[in-house]
Amino acid sequence: MIRLKYMILTWGCQMNEHDAEVLAGMIEKMGYHETHLEEDADLIILNTCCVREKAENKVYGKLGELQQLKSKNPELVIGVCGCMTQQPEVADRMRRKAPHVDLIFGTHNAHRLPELIAEAKEAKSPVVEVWEKEGAIVEHLPTRRVAGIRAYVTITYGCNNFCTYCIVPYVRGRERSRLPEDIIREVQSLGEQGYKEIMLLGQNVNSYGKDLDLQVDFADLLSQVNEVPGIRWIRYMTSHPRDFSEKVIKTIARSAKVCEHFHLPVQAGSNTVLRRMHRGYTREYYLELLTKVRESVPHASITTDIIVGFPGESSEDFADTLDLMEKARFDAAFTFLYSPRSGTPAAQMPGQISMEEKKARFQKLLEIQNRLSLEANRRLVGKTVEVLIEGRSKSDPGRLSARTRTNKVVIIEGHEDLIGKIVSVAIKEAQTWNLTGIVTKRAEL
Ligand code: SAH
Ligand code: SF4
Ligand code: F3S
């Protein structure tokens, strides 16, 4: 019997990575086996992102490469899905630019993948099915999780915030919360399967429950997840600073499993820019929020996302961002050049900033953040911390890579059998991006 093989390539955020796990689950149920070699695959799915232009260019680049493979093997089925194909007109453009694509579908009908693959195999021309609107949440889809230590669990789909630069609400639909019992059941099963850490996913986890006819919010959900046996650490992505309530802070402070890492994307430090981004908070509110977090959770690490070169960002506005960074003392920041996204209000705003200027500002941001990250990491030298050992270090396969509860990577010496364990590590050295340490007790904490 021929064993059909598949491969999924994914770009974008954790949400998309988790979607790929569900796609893989459905494809494996159809009898396909995974391969990591494009040449061996009978089915290749590109699970795309469109948050910035760069992400889309990568997909077209990959499709260009796959053209040769398809001409050598006409039986190969190539599918493209995810946020990029959910945008209007992209399917048409893709059919013109990449006629070798057999199947195009969006984020709202991904659960139909098995039927769509069957159709694409029979059809003479590309199968295109992109639903304009989201349907009800589909539960109980088979999921092929990346084996290991951390598991993703979706709590909300979509986003209602419409930040003016962002395409996500258009391609992921309105906010929909899963029922708490469905989430808890999934977490329980993950605990039984031996996962040590779970990451709760949503574009804005703090608005969890608002669309349900139940009295339940994100803090209540965290308290419930905190009780699930087996699971040791709990993380969540992403939090909107506007909705980060005192109740959530207090719940995190008293829930032993919830990690002391706060990812609070600020995006900009100028009130004018924040208003035009439609973020719903001021720099003063944001800095006050950080003070509250640090008071309630003393060793918290705080990370952020920042966009440079939003339309109309003046040099004074940019100086406000730099000033906020100094005041916030972020442990790390993900920094992005503003990328106009078609269909979003900001793409039409006057005062678009030149690429040259964006890059110059970006450089400045990096310099400051690198110094702040190093300072934050240096404060840990000499301390003993709990880490979860995740695997071999990618840059130095002779050593192991571990992660602190505060989401910092620690490189350690040690035997492979430590992988998957939570142990104590003494921090010896600090670099900008990671720490090095030695295991003080091999026994699992
Ligand atoms: N829902 C999450 C993440 C959204 S996308 C949140 O609100 O934080 C991740 C990051 O990409 C955003 O935080 C933002 O910093 C960045 N981003 C989104 N749209 C962008 C754009 N058009 N150009 C540049 N960066 C963008
Ligand atoms: Fe985009 Fe804003 Fe929603 Fe985040 S909260 S996904 S940045 S619209
Ligand atoms: Fe990209 Fe979609 Fe995530 S646009 S960042 S993959 S929600």
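The values are calculated or read from the model by the stated rules, or taken from the named source; none is laboratory data. In this text the structure is predicted, and so the values were computed from the model without any measurement. Counting neighbours? That spans all protein chains shown, and the Cβs are built from the backbone with ideal geometry, glycine included. Remember, those area values only see protein heavy atoms, side chains included, never the ligands or the DNA or RNA. Shrake-Rupley method; radii C 1.70, N 1.55, O 1.52, S 1.80 Å.
Specify whether the C-alpha gyration tensor of segment 89-189 places it in the rounded, prolate or oblate class, a ≥ b ≥ c being the square roots of the eigenvalues: rounded for a/c under 1.5, otherwise prolate if a/b is larger than b/c and oblate if not. Intermediate values should be presented prior to the final figure.
On the way: a/c = 2.29, a/b = 1.43, b/c = 1.60.
Oblate.
Within the set Lys133/Lys408; Lys358/Lys408; Lys72/Lys97, which residue pairs have Cα atoms separated by over 31 Å?
Working: Lys133/Lys408 39 Å; Lys358/Lys408 28 Å; Lys72/Lys97 19 Å.
Result: Lys133/Lys408 exceed 31 Å.
If I stretch the segment between Met237 and His415 completely, what's the gain in nm (0.36 nm per residue apart, minus their alpha carbon distance), one decimal?
Numbers: separation 178, 0.36 × 178 = 64.08 nm, distance 3.11 nm.
Going from the current span to full extension adds 61.0 nm.
Once the whole set of protein chains is in place, how much accessible area is left on His263, using a 1.4 Å probe, in Å² to the nearest 10?
For His263, solvent-accessible area is about 10 Å².
Cβ neighbours within 10 Å, averaged per peptide: list 29-41, 217-229, 267-279 in order, most packed at the top.
On the way: 29-41: 13.3, 217-229: 18.4, 267-279: 20.5.
So the peptides 29-41, 217-229, 267-279, ranked by packing, come out 267-279, 217-229, 29-41.
Using alpha-carbon positions, what is the distance between the centroids of segment 11-52 and segment 184-214, in Å?
What the calculation gives is 22 Å, centre to centre.
Before anything else, pin down the relative contact order of the chain: Cα pairs under 8 Å, at least 6 apart, normalised by residue count, whole percent. Display every interim value, and only then the final one.
Details: 869 pairs, mean separation 43.1, N = 445.
After rounding, I find 10 percent.
Applying 1/(1 + (r/R0)^6) with R0 = 41 Å to the Cβ-Cβ distance of Lys428 and Arg145, what FRET efficiency is obtained, to the nearest 0.05?
Values: r = 34 Å, r/R0 = 0.82.
Here the calculated transfer efficiency is 0.75.
Please work out the average accessible area per residue across segment 15-147, using the 1.4 Å probe convention, and give it in Å². Intermediate values should be presented prior to the final figure.
Numbers: 6670 Å² over 133 residues.
So segment 15-147 comes to 50 Å² accessible per residue, rounded to a whole number.
Provide the per-residue ³J(HN,Hα) series for segment 291-301, in order, calculated from phi with Karplus coefficients 6.51, -1.76, 1.60 and θ = phi - 60°, each as a whole number of Hz, with x at glycine and proline positions.
Result, rounded to whole Hz: 4, 4, 4, 5, 5, 7, 10, x, 9, 4, 9.
How many angstrom separate the Cα center of segment 128-175 from the Cα center of segment 377-445?
33
Based on C-alpha coordinates, I'd like the Rg and Dmax of the chain, in Å.
Values for the chain (Cα only, Rg and Dmax): 22.5, 67 Å.
Can you tell me what share of the DSSP beta bridges in the chain is antiparallel? A percent to the nearest 5 is fine.
Values: 22 of 65 bridges.
Around 35 percent of the beta bridges assigned by DSSP in the chain are antiparallel ones.
Could you rank Phe362, Phe318 by how accessible they are, 1.4 Å probe, largest area first?
Numbers: Phe362 45, Phe318 20 Å².
The ordering from most to least exposed comes out as Phe362, Phe318.
Ranked from highest to lowest mean number of other Cβ atoms within 10 Å per residue, what is the order of the peptides 119-132, 76-89?
Details: 119-132: 14.1, 76-89: 22.5.
Top to bottom by mean Cβ count within 10 Å: 76-89, 119-132.
How large is the accessible surface per residue of segment 244-401, computed with a 1.4 Å probe and reported in Å² as a whole number?
On the way: 7270 Å² over 158 residues.
So segment 244-401 comes to 46 Å² accessible per residue, rounded to a whole number.
Roll a 1.4 angstrom probe over the protein heavy atoms and tell me the percent of accessible area of the chain that is carbon or sulfur.
51
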